[in-house]
Amino acid sequence: MPSIAPHLTRAATPPTLEVVIEKPRYGLTWFKVHFGLLTLKAYTKGEHVLRFEATVHNTKQLGCGRMLDRFGEIVTRLVGMAERFCTMLDCVDIGFIPDATLDELPLPSQIAATRVGGVDLNKPRIRAALAAVLALSIAPGGFTVADAAAKVRTMTGHVDYTIRQAAYDLRKLRGKSLVHKPGRSHRYYVSPSATRIITALLTLREQVIAPIVAGVRVPRRGRPPTTWTRIDRDYETLRRDMHTLFHDLGILTDTVAA
C-alpha cells in the first residue's frame, strides 16, 4: 500500500482533517471527508443513485508525480481511494466479532520480542483510542501516531492525551491485529476485518451493554416519546426482558442501602 503523507513545510499549518456535511439544495446531502488536499465525497444523485468520488486538489500530495504521463497512475490511486472509502463505510455499517475475541482482548500479546498489555474495553482511554482509529480508518494513506493522538483529543476533549500515550495504545491494538504498521513505515492502517471488529466492540459496549444495564434499573418507563423508532422498541423489549432475567438470577436492579 503506497504511503500518501500530507505535504508539510515549516511555515505551513497542519493538513486539514475533517468531516463536512453540506446541504447545498433541497433533497441533496453531501458528505465530505478532507485529508489535507485529498477529499472523499459521497452524495445522492436522484432518488436511486448514491455516488462516491475521490478528489485531489494538488497531485503532488499523491506522491506519484504531476506530469501528464503520470495521469494513469493518478487515476488509479484515486480509484483505490474511492474503493477503500466504500469498503470502510460498509465495514463501519456492519460489525462482526469472531468467537473468543472478548476473552482474548484483555490478555497480553507479543509484538516481535516486545510484550504488550491487553485491550481492556472497560477503560475509557482504550475505548477512545479505538474510536479514533475507527474514524481514521478511511484515511487514504493511513495515519500517524500524532494523527491518532489529535483525533482522541478532538473526540474526547482531553487535551492531556499525549503522543506517547497514543503510541502505547496503538501497540496494544497492533498486538491484537486491530491495526498494522507495514515494514519500517511510521503510518498505521486498519484492515476491513479489523474495522468490522472495532465497530462491533464499540457498538456492543456503548449501545448495547451500557444502556441495557442502565435501563434495567428503571422498573417502569414514563410516557414514550412522540417519535418511537424500531431501535427504541428493541431497547424497551430488552429492558423488560433483562429486568425479568435479573430477577430470576437473583441480581438486584435497585439500589439497596446497606
Complete set of residues in the stretch 96-105 that are exposed (fewer than 10 other Cβ atoms within 10 Å of the Cβ) and either among the polar types (S, T, N, Q) or over 15 Å from GLY175 (Cα atoms) (or both): ASP99, ALA100
Selection status of PHE71, assigned to a helix (DSSP H, G or I), buried (at least 16 other Cβ atoms within 10 Å of the Cβ) and aromatic (Phe, Trp, Tyr): no
Set ALA194, ALA139, ALA135, ALA131: member being modelled with pLDDT under 90, under 26 Å from ASP93 (Cβ atoms), surrounded by fewer than 23 Cβ atoms within 10 Å (Cβ to Cβ) and not aromatic (Phe, Trp, Tyr): ALA135
Checklist (1) within 25 Å of ALA166 (Cβ to Cβ); (2) outside any helix (DSSP H, G or I); (3) out of contact with any Leu (no Cβ under 6 Å at 6 or more places or on another chain) applied to ALA42, failing item: (1)
Some residue of the stretch 106-124 being open to solvent by 30 Å² or more (accessible area, probe 1.4 Å), part of a loop (DSSP other than H, G, I, E, B), touching an Asp or Glu at 6+ places or on another chain (Cβ under 6 Å) and modelled with pLDDT under 95: yes
Answer residue from the stretch 129-167, given it is touching a Ser or Thr at 6+ places or on another chain (Cβ under 7 Å) and in a helix (DSSP H, G or I) and is nearest to ARG187 (Cα to Cα) among those: ALA149
Any chance ALA150 is closer than 24 Å to LEU62 by Cα and at pLDDT 90 or above: yes
In the stretch 167-211, the residues that are within 16 Å of LEU136 (Cα to Cα) and of a type in the set (A, V, I, L, M): ALA167, LEU170, LEU173, LEU178, VAL179, VAL190, ALA194, ILE197, ILE198, LEU202
Residues satisfying the stated conditions in the stretch 23-81, i.e. touching a His at 6+ places or on another chain (Cβ under 8 Å) and at pLDDT below 80: GLY36, LEU37, LYS60, GLN61
Test result for ASP93, closer than 22 Å to VAL33 by Cβ, exposed (fewer than 12 other Cβ atoms within 10 Å of the Cβ) and at pLDDT below 90: yes
GLY157 vs. criteria closer than 21 Å to LEU107 by Cβ, modelled with pLDDT under 95 and more than 15 Å from the chain's Cα centre (by Cα): no
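The values are calculated or read from the model by the stated rules, or taken from the named source; none is laboratory data. The shown structure was predicted, so the numbers you read here are calculated from the model rather than taken from an experiment. FYI the Cβ positions are ideal-geometry reconstructions off the backbone, even for glycines, and counts take in every protein chain you see. Protein only, heavy atoms only, side chains kept; ligands, DNA and RNA dropped before computing areas. Shrake-Rupley method; radii C 1.70, N 1.55, O 1.52, S 1.80 Å.
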